[in-house]
Amino acid sequence: KDSILGLSEIAPLLSSVPNKKASHQMSNVIIPAQAGRHVASLIFLHGLGDSGRGWAPILRMLTRRLPLVRFVLPTAPTRPVTLNGGMQMTAWYDIIGLREDAREDEKGIRESAELVKRLVEEERSNGASLVFVGGFSQGAAVALAATLLHPEGISGCVALSGYLPKFLRSSRPVNGPP
C-alpha cells in the first residue's frame, strides 16, 4: 500500500494546526510507531510560538500511513524574540528582523541544530535505522541547518514553509567555524 500523502490530503491538516501556548519547559512529545516497533524516526520542529504538542494531532494521523515511524516533537525553549518586541515565546532562535539585510542569530541556530543532532543520536541508539528531521517555518530553518551542519545519521530533511539560514548560503564550508 502506498504511504505517500498528496497535497490534497496534507493541506487540510496544515490548516487545522492549533496554536496553543507552549510549555515553558523543554519537552518532547513522542508518538510511538503504530506497529509497536519502529525502523524510522522523524524529529519534527514547530514554528515560532508553537510547541511540539501543537503538531501532535497531524503527526498522529500520519501513523496510519507510516506505521513503522516514531515521531519526536520537541518544544523550543522560551526566549525573548526581538521581532516581537522582546516578547517571551517558544523559539528555536531569536528573529531580529524580516528584511534580507537583518542580522541573524547564527549562535541560536547553531545551538538548536546541536539539539537536533543530540535527538538524532538518541533515536539511533533507540533502534531507528533511519532518522529524518523536519520542521515548519522557523523549525524548518533549524532542520535544514542541522542537516547541513551535522549530516551524520540524518537520513533526510522535510522543510515546510521554511528558509535556509543566511549563514548557510555562503561559500565557506558549512561545518567550519562561525
Tell me yes or no: at least one residue of segment 40-52 is of a type in the set (Gly, Ala, Ser) and either in a helix (DSSP H, G or I) or at pLDDT below 90 (or both). yes
Given the criteria among the small types (Gly, Ala, Ser), open to solvent by less than 10 Å² (accessible area, probe 1.4 Å) and closer than 25 Å to residue 151 by Cβ, does residue 47 qualify? yes
Considering residues that are open to solvent by less than 30 Å² (accessible area, probe 1.4 Å) and of a type outside the set (Ser, Thr, Tyr), the number found within segment 63-76 is 6
Selection over segment 80-103 where residues are closer than 16 Å to residue 146 by Cα and not hydrophobic (A, V, I, L, M, F, W, C) yields a count of 1
Within segment 62-88, count every residue that is at pLDDT 95 or above and either more than 19 Å from residue 129 (Cα to Cα) or touching a helix residue (DSSP H, G or I) at 6+ places or on another chain (Cβ under 7 Å) (or both). 18
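Quick one: how many residues across segment 53-70 are in a strand (DSSP E or B) and under 14 Å from residue 27 (Cβ atoms)?
0
Would it be correct to say that residue 79 is touching a residue at least 12 places away in the same chain (Cβ under 8 Å) and outside any helix (DSSP H, G or I)?
The answer is yes for residue 79.
Yes/no matrix, rows are residues, columns are (1) under 13 Å from residue 44 (Cα atoms); (2) at pLDDT below 95; (3) open to solvent by 60 Å² or more (accessible area, probe 1.4 Å); (4) part of a strand (DSSP E or B):
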site	(1), (2), (3), (4)
108	no, no, no, no
144	yes, no, no, no
153	no, yes, no, no
170	no, yes, no, no
Conditions: (1) at pLDDT below 95; (2) surrounded by 12 or more Cβ atoms within 10 Å (Cβ to Cβ); (3) not hydroxyl-bearing (Ser, Thr, Tyr). Residue 98 meets all but one. Number of the miss? (2)
Residues of segment 81-92 satisfying the condition of being open to solvent by less than 70 Å² (accessible area, probe 1.4 Å), at negative phi and touching a strand residue (DSSP E or B) at 6+ places or on another chain (Cβ under 8 Å): 81, 89, 90, 91, 92
Residue among 130, 160, 148 that is aliphatic (A, V, I, L, M), within 10 Å of the chain's Cα centre (by Cα) and open to solvent by 10 Å² or more (accessible area, probe 1.4 Å): 160
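The values are calculated or read from the model by the stated rules, or taken from the named source; none is laboratory data. What you see is a predicted model; the values in this text were computed from it and never measured. Every residue, glycine as well, gets a Cβ built from its backbone with ideal geometry; the counts of neighbours run over all protein chains shown. The accessibility values were calculated without ligands, DNA or RNA, using every heavy atom of the protein model including side chains. Shrake-Rupley method; radii C 1.70, N 1.55, O 1.52, S 1.80 Å.
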